[in-house]
Each structure stands twice: as C-alpha cells, then as structure tokens.
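Reviewing the structure listed below.
The values are calculated or read from the model by the stated rules, or taken from the named source; none is laboratory data. In this text, all values refer to a predicted model and were calculated from it rather than measured experimentally. Every residue, glycine among them, receives a Cβ derived from its backbone with ideal geometry; neighbour counts consider all protein chains shown. Quick note on the areas: whole protein, heavy atoms, side chains included, nothing else; ligands and nucleic acids left out. Shrake-Rupley method; radii C 1.70, N 1.55, O 1.52, S 1.80 Å.
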Amino acid sequence: MNKALRKVVIAGNWKMNKNPDEAKKLVEDIKPLVANANCDVIVCVPYVDLTNVLAAAAGSNVKVGAENCHWEVSGAYTGEISAQMLKSMNVEYVIIGHSERRQYFGETDVTVNLRVKAALAAGLKVILCVGERLEQREQGVTCELVAMQTKIALGGISDEDMKNIIIAYEPVWAIGTGKTATSEQANEVNLAIRETVAQLYGKAVGDATTVQYGGSMNAANAAELLAQPDVDGGLIGGASLKPADFATIVSAASK
Ligand code: 13P
C-alpha cells in the first residue's frame, strides 16, 4: 500500500468544549503553529462555535468542521442541525458516527448511513468514525466489526463520493482513557478498513482513501502511530484543545 496515494489529515474533535470566545482564541493560537503543515489540518467544533471559528480560520490552512448533522434538510427535529445549514455557513467537514454519539445518543449504523448520505448530498466532506468496544476486541471480532460498520455506513455511496470521505478508526476503549492502541493494532485495523473499501469500490479507491487513527493520540505517541503505513492521520480529542500538543501532532504528520 502506498501512503503517497492519499492525503494525510490531522483533525481535532473538540467535543463539548469551548464557548465561542474561547474557540476563537484557540484557533488563533493554533493557526501560526500549523501554518507550515505538510498535511491537511481540520478543527471540528461545537455548532455554537462555528461562526467564530470560521472567521478566525479564514485565509489560513485550518479547515473547519462540525461534530454531527441530521439527515433531514429541515423540519420538526428539535435540537438538530441539518447538513444544509452547515453548508450554508461554509462549513467544510462533518464528523459522523463518533462512538460517543453511538454510545450516548442512540446512533446506529443505519442512522450513521443516513447522515453520511445527507452530508454528501449537501456538499460536505465526511469524517466517518468506526471502532470496537473493549469486549468486542476481547472477543476477537474487531476487524469484522469495523468492516461491518464501514459497509453499512457507506451503503448507497458512489465511488465518486468516496473522494469526500475520510474514515477514522477509533477504538472505543482508547478514547479519552489514555490507553492508545499500539501502532501495530492501529495499523492492522486501518488496513482492514482499507481492504473493506477496496472490496466495495476497488483497489484504487481503497488506496486513495484516508484512514485516520483516533483514541488518546497525543504529542508523545503521534509520530510512532503516524509512521505506520496505513495510518493516514489522526482524529484528536483531548490533545486538540492544547495548541502546542496539536501542533506537535501536525508536524509529526507533516514528515
Ligand atoms: P481522545 O484523543 O481524547 O482520546 O479522543 C479521541 C476522539 O474521540 C476523537 O474523536
């Protein structure tokens, strides 16, 4: 597999952190530190921060994403935000299927698929998250499980649309726990995801699809994870809130 065939992407997932003023400051602090990045840099932020973050990131190499979107265009869905609404603000990316959405908000593979299709239809780029829970890893079903999550999430998605999809492998047991997958574990599952994409769309699409790792990636362990042949970047939670740490990860990815 040739890593040069695909984009390396470091994305921050701020989760439910930072009010709009804090968000503006965080982007302003991050911008100069990543200005020379030789990889794509994205920050995915709470909905209420988008206006300030888009303004702060304008003209820089920092791209902006949201953390979720609904699958309907509009309607009686109290508390939800549509992909079109995000697009109308010039948001470029959206995270879909994060394990916290699956775990706490009843997200299923089927609703993930609906959201992916809606996001693409609105012209957004998607960071699709898949990953196993600890008991699933212990049962030895990790690769089958992420393959299934990937296949269902991509149901009805065309070859052409795959250009607008990044997949993030995020083992649930590694998220926010300080327990990182070993670089071998990360690479093994990332490769399984790539092979699943290749099964669905052919080898060229598999080779061209960015597959990130996420789960306690930080300034200290990023270089080793990112050196793996099938780890094409990272989806970063906690460390993305610390400008220097986030910048260290970006420079590790820029090598
Ligand atoms: P942490 O980096 O805090 O473990 O979070 C990872 C994650 O969930 C990114 O989406």
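Quick one: which residue in 226, 235, 241 is within 16 Å of the ligand (Cβ to nearest atom), closer than 19 Å to residue 42 by Cα, surrounded by fewer than 20 Cβ atoms within 10 Å (Cβ to Cβ) and within 17 Å of the chain's Cα centre (by Cα)?
241
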Here the residues within region 7-31 that are more than 16 Å from the ligand (Cβ to nearest atom), more than 26 Å from residue 209 (Cβ to Cβ) and open to solvent by less than 40 Å² (accessible area, probe 1.4 Å) are 23, 27
Wholly within region 1-86, which strands (runs of 3 or more DSSP E) include no fewer than the required count, namely at least 2 residues that are in contact with a Cys (Cβ under 8 Å, 6 or more places away or on another chain)? 9-13, 62-66
If you go through region 161-172 one residue at a time, do you hit one that is touching a His at 6+ places or on another chain (Cβ under 9 Å) and within 15 Å of the ligand (Cβ to nearest atom)? yes
Only one of (1) surrounded by 20 or more Cβ atoms within 10 Å (Cβ to Cβ); (2) of a type outside the set (A, V, I, L, M, F, W, C); (3) within 12 Å of the ligand (Cβ to nearest atom) does not apply to residue 150, and that is (3)
Looking at (1) polar (S, T, N, Q); (2) buried (at least 19 other Cβ atoms within 10 Å of the Cβ); (3) within 16 Å of the ligand (Cβ to nearest atom), can you tell me which one residue 183 breaks? (2)
Condition check for residue 169: among the aromatic types (Phe, Trp, Tyr), in contact with a helix residue (DSSP H, G or I) (Cβ under 7 Å, 6 or more places away or on another chain) and buried (at least 23 other Cβ atoms within 10 Å of the Cβ): yes
Considering only residues of region 99-125 that are open to solvent by 30 Å² or more (accessible area, probe 1.4 Å) and outside any helix (DSSP H, G or I), which is farthest from the ligand (Cβ to nearest atom)? 123
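Anything in region 126-141 that is in a helix (DSSP H, G or I) and either buried (at least 21 other Cβ atoms within 10 Å of the Cβ) or free of Cβ contacts under 8 Å to residues at least 24 places away in the same chain (or both)? List them, or say none.
135, 136, 138
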